[in-house]
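Working notes, structure below.
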Amino acid sequence: MIDYEKFASYSEPVPRYTSYPTAPEFSADFSEQNYADHIARSNESARALSLYFHLPFCRSACYFCGCNVIYTSKDDLKERYIDYLEAELAIMSKKLDTKRIVSQIHFGGGTPTFFSAAELERIIGAIDKRFSHIAKGVEFGVEIDPRFFSQDQMIVLRNGGVNRISFGVQDFDPKVQESVHRIQPLEQTKNAVDIARNNGVESINIDLIYGLPFQSVATFENTLRSALLLNPDRIALFNYAHVPWMKKTMRKLDETTLPCVAVKLKMLQMAVETFENAGLMMIGMDHFSRASDPLNIAQKNGKLHRNFQGYTTHSDCDLFGFGVTSIGEGVDFYAQNYRDLAPYEAAIDAGKLPLMRGFALNEDDRLRKTVINTLMSNFTLDFTRVESEFKIDFRTYFAAELAALKPLENDGLITISDRSITASLTGRLLIRNVVMHFDRYLKKQPQNERRFSKSV
Ligand code: SF4
């Protein structure tokens, strides 16, 4: 049983831990030479590759959106952006061994389908040209806005190998949609899902958000019902992260219309029960999938992993990002591209990788990253596995952290045994509050200076 009252009492600003160390720790001191050295070591490891392409354009702003987006209606920006993606791929291919197996590709945004069918074909062609060993059955996912999606685009994506689509929905209620500046009738979403299914897409995900303006338990119940009518394989249910100090468009939302914590908790509770009754099991703090889904199976086997795109079964890949703002991740590094077009293009014009900042992980960082990622993904941590990999005695190394976790154990969020930590159902929803105790950098930051979204 989830203890929702206990859950609410833990509302505080906490990082989302899509990486450890978190992105604010990334530094411009991480040079292009540092990156090149890490890429060379990554080549030696011959690990499989995961490729991320950030396609940043959107026609208009959805006021809840926290993504790095360029709002435009200018079509000519797109061909130019693809020119630069091709040039970036060419520069990268001088450093990265492009004969390595590619087992995952992801298009994120922005709105990837802001690009026409022909433009998407050009992007996929550029990837195929550079990477000679794309695995048969590569997991190829695309984030799609149902408002901008056609049969022509689907055919190009399907022929390019796309087998997973994540549709942005957030909420079906007309008043909520109007308040967040995203009108998207159920019929439009249903039509998009039908296009994907009729073209053989294996896995369909629907993104929903709770905590948006004007949402109530009653309206959200209708949204959940509508989402299930689409028969998704996965659902991502995010807590709306209100960070108007970081995202100007969020300032357009009337804060007095945001639901209070008690209503948000009821919506969450209802969603968990509704999804589980429909056979979609909670696999992470914010993801639901069917028992036969690879994410579910990976979690049961302790092999689930979390990265910038959410939960993944590809923990054995090194990730390389292309396009503005994209982030790459290897065993011991992160590398992020420039966020704005001008410096991104200038670096590529100079024949350089458009690296804005990065991070080289030391042994302690790698150890803590393993602990945090394992708990975030699998909700249980076996000390023995970590001890043999990092040659430490877990209880000695993390004595202070284990002591700090005692109150969370007393509150029923976790169980700490001699050899493991395991989160309860309530603890799963609060897993960020648990893992933050292993974050060495967060400890240095005064509590009143933490600018993260709240955990509840
Ligand atoms: S939610 Fe999607 S479509 Fe809306 S602004 Fe963000 S990236 Fe663009």
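The values are calculated or read from the model by the stated rules, or taken from the named source; none is laboratory data. Note that the structure is a prediction, hence the values are computed from the model and not measured. Glycine also receives a Cβ, built like all others from the backbone with ideal geometry; neighbour counts cover every protein chain displayed.
Given the conditions (1) farther than 18 Å from ARG366 by Cβ; (2) surrounded by 14 or more Cβ atoms within 10 Å (Cβ to Cβ); (3) away from the ligand (no atom under 16 Å from the Cβ), report the number of the one that ASP37 does not fulfil.
Just one mismatch for ASP37, condition (1).
Looking only at strands (runs of 3 or more DSSP E) that fall completely inside the range 219-317, which ones have 3 or more residues that are touching a helix residue (DSSP H, G or I) at 6+ places or on another chain (Cβ under 8 Å)? It would help to see each step written out before you state the result.
Numbers: elements: 234-239, 287-289, 305-307, 310-312.
Per the criteria, 234-239, 287-289.
Residue by residue, here is whether (1) over 22 Å from the mean Cα position of the chain (by Cα); (2) in contact (Cβ under 8 Å) with a residue 12 or more places away in the chain; (3) away from the ligand (no atom under 16 Å from the Cβ) holds:
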site: HIS106; (1), (2), (3): no, yes, no
site: PHE114; (1), (2), (3): no, yes, no
site: ALA117; (1), (2), (3): yes, yes, yes
site: ILE124; (1), (2), (3): no, yes, yes
site: GLU143; (1), (2), (3): no, yes, no
site: PRO146; (1), (2), (3): no, yes, no
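Please indicate, with yes or no, whether at least one residue in the range 56-70 is within 16 Å of the ligand (Cβ to nearest atom) and farther than 28 Å from TRP245 by Cα.
Filtering the range 56-70 down to residues within 16 Å of the ligand (Cβ to nearest atom) leaves 56-70.
Subset that is farther than 28 Å from TRP245 by Cα: none.
Scanning the range 56-70, I find no residue that is within 16 Å of the ligand (Cβ to nearest atom) and farther than 28 Å from TRP245 by Cα, so the answer is no.
What number of residues in the range 26-69 are closer than 24 Å to MET285 by Cα and outside any loop (DSSP other than H, G, I, E, B)?
Residues flagged as closer than 24 Å to MET285 by Cα and outside any loop (DSSP other than H, G, I, E, B) within the range 26-69 amount to 2.
So for the range 340-363 (the condition being closer than 25 Å to ASP233 by Cβ and not in a loop (DSSP other than H, G, I, E, B)), does at least one residue qualify? Walk me through it before giving the result.
Keep residues of the range 340-363 that are closer than 25 Å to ASP233 by Cβ, which gives none.
Checking the range 340-363: not a single residue is closer than 25 Å to ASP233 by Cβ and not in a loop (DSSP other than H, G, I, E, B).
Restricting attention to the range 169-180, report how many residues are in contact (Cβ under 8 Å) with a residue 40 or more places away in the chain and either away from the ligand (no atom under 15 Å from the Cβ) or under 23 Å from the mean Cα position of the chain (by Cα) (or both).
We begin by selecting, within the range 169-180, every residue in contact (Cβ under 8 Å) with a residue 40 or more places away in the chain; these are 169-173, 175-176, 179-180.
Narrowing the set further to residues that are either away from the ligand (no atom under 15 Å from the Cβ) or under 23 Å from the mean Cα position of the chain (by Cα) (or both) leaves 169-173, 175, 180.
Summing the residues that are in contact (Cβ under 8 Å) with a residue 40 or more places away in the chain and either away from the ligand (no atom under 15 Å from the Cβ) or under 23 Å from the mean Cα position of the chain (by Cα) (or both) in the range 169-180 gives 7.
Taking interchain pairs and intrachain pairs at least six residues apart, which have beta carbon atoms under 7 angstrom, with the first residue in the range 33-46 and under 11 Å from LEU96 (Cβ atoms) and among the β-branched types (Val, Ile, Thr) and the second at pLDDT 95 or above and surrounded by 15 or more Cβ atoms within 10 Å (Cβ to Cβ)?
ILE39/LYS95; ILE39/LEU96
Against the definition (out of contact with any Cys (no Cβ under 9 Å at 6 or more places or on another chain) and assigned to a loop (DSSP other than H, G, I, E, B)), how does ARG122 come out, yes or no?
Working: out of contact with any Cys (no Cβ under 9 Å at 6 or more places or on another chain): yes; assigned to a loop (DSSP other than H, G, I, E, B): no.
No: the conditions fail for ARG122.
Just name the residue that is surrounded by the fewest Cβ atoms within 10 Å (Cβ to Cβ) out of those in the range 214-234 that are over 25 Å from LEU253 (Cα atoms) and among the aliphatic types (A, V, I, L, M). First the steps, then the outcome.
Let us first name the residues in the range 214-234 that are over 25 Å from LEU253 (Cα atoms), namely 225, 228-234.
The next check asks that each one be among the aliphatic types (A, V, I, L, M); those that pass are 228-230.
Working: LEU228: 17, LEU229: 13, LEU230: 18.
Per the stated criteria, the residue is LEU229.
I'd like to verify a number: residues in the range 78-97 that are exposed (fewer than 15 other Cβ atoms within 10 Å of the Cβ) and in a helix (DSSP H, G or I), how many?
4
Looking at the range 231-255, I want the residues that are basic (Lys, Arg) and have a partner that is in a loop (DSSP other than H, G, I, E, B) and at pLDDT 95 or above with Cβ atoms under 6 Å, at least 6 apart or on another chain. Which pairs are those?
Short answer, once both residue conditions are applied: LYS252/TYR63.
When you look at SER50, is it surrounded by fewer than 16 Cβ atoms within 10 Å (Cβ to Cβ), small (Gly, Ala, Ser) and either under 20 Å from the mean Cα position of the chain (by Cα) or within 14 Å of the ligand (Cβ to nearest atom) (or both), yes or no? Outline the logic, then answer.
Working: surrounded by fewer than 16 Cβ atoms within 10 Å (Cβ to Cβ): no; small (Gly, Ala, Ser): yes; either under 20 Å from the mean Cα position of the chain (by Cα) or within 14 Å of the ligand (Cβ to nearest atom) (or both): yes.
No, not satisfied.
Take ASP340 and decide whether it is surrounded by fewer than 21 Cβ atoms within 10 Å (Cβ to Cβ) and farther than 26 Å from GLY110 by Cα.
Values: surrounded by fewer than 21 Cβ atoms within 10 Å (Cβ to Cβ): yes; farther than 26 Å from GLY110 by Cα: no.
No; evaluated as a whole, the condition is false for this residue.
Of the residues TYR10, TYR17, TYR71, TYR63, which single one is under 30 Å from ASP411 (Cα atoms) and at pLDDT 90 or above?
On the way: TYR10 fails: at pLDDT 90 or above; TYR71 fails: under 30 Å from ASP411 (Cα atoms); TYR63 fails: under 30 Å from ASP411 (Cα atoms).
Unique residue meeting the criteria: TYR17.
Do the conditions hold for PHE57, that is, is it without any contact (Cβ under 8 Å) to a residue 60 or more places away in the chain and in contact with a helix residue (DSSP H, G or I) (Cβ under 7 Å, 6 or more places away or on another chain)? Talk me through it step by step, then tell me what you get.
On the way: without any contact (Cβ under 8 Å) to a residue 60 or more places away in the chain: yes; in contact with a helix residue (DSSP H, G or I) (Cβ under 7 Å, 6 or more places away or on another chain): yes.
Yes, satisfied.
Which residues, taken from the range 181-199, are at negative phi and either within 22 Å of the chain's Cα centre (by Cα) or within 14 Å of the ligand (Cβ to nearest atom) (or both)?
Going residue by residue through the range 181-199, those that are at negative phi are 182-199.
Answer for the range 181-199, where residues must be at negative phi and either within 22 Å of the chain's Cα centre (by Cα) or within 14 Å of the ligand (Cβ to nearest atom) (or both): ARG182, ILE183, GLN184, GLN188, THR189, ALA192, VAL193, ALA196.
Please enumerate the residues belonging to the range 389-421 that are assigned to a helix (DSSP H, G or I) and under 19 Å from THR370 (Cβ atoms). Steps first, please.
Filtering the range 389-421 down to residues assigned to a helix (DSSP H, G or I) leaves 389-390, 394-397, 399-404, 406-410.
GLU389, PHE390, PHE394, ARG395, THR396, TYR397, ALA399, ALA400, GLU401, LEU402, ALA404, listed by residue number.
What is the number of the single condition among (1) closer than 24 Å to GLU5 by Cα; (2) within 16 Å of the ligand (Cβ to nearest atom); (3) touching a Leu at 6+ places or on another chain (Cβ under 7 Å) that LEU212 does not meet?
(3)
Could we say that LYS129 is of a type in the set (D, E, K, R), more than 16 Å from the ligand (Cβ to nearest atom) and at pLDDT below 95 here?
Values: of a type in the set (D, E, K, R): yes; more than 16 Å from the ligand (Cβ to nearest atom): yes; at pLDDT below 95: no.
Answer is no for this residue.
So, of the residues in the range 8-25 that are assigned to a loop (DSSP other than H, G, I, E, B) and polar (S, T, N, Q), which turns out to be farthest from GLN104 (Cα to Cα)?
Of the residues in the range 8-25, the ones assigned to a loop (DSSP other than H, G, I, E, B) are 10-12, 14-22.
Narrowing the set further to residues that are polar (S, T, N, Q) leaves 11, 18-19, 22.
Numbers: SER11: 35, THR18: 18, SER19: 18, THR22: 23 Å.
Among those that are assigned to a loop (DSSP other than H, G, I, E, B) and polar (S, T, N, Q), it is SER11.
Taking the range 336-384, which residues are within 21 Å of HIS38 (Cα to Cα) and among the hydroxyl-bearing types (Ser, Thr, Tyr)?
TYR338, TYR344, THR370 - these are the residues of the range 336-384 that are within 21 Å of HIS38 (Cα to Cα) and among the hydroxyl-bearing types (Ser, Thr, Tyr).
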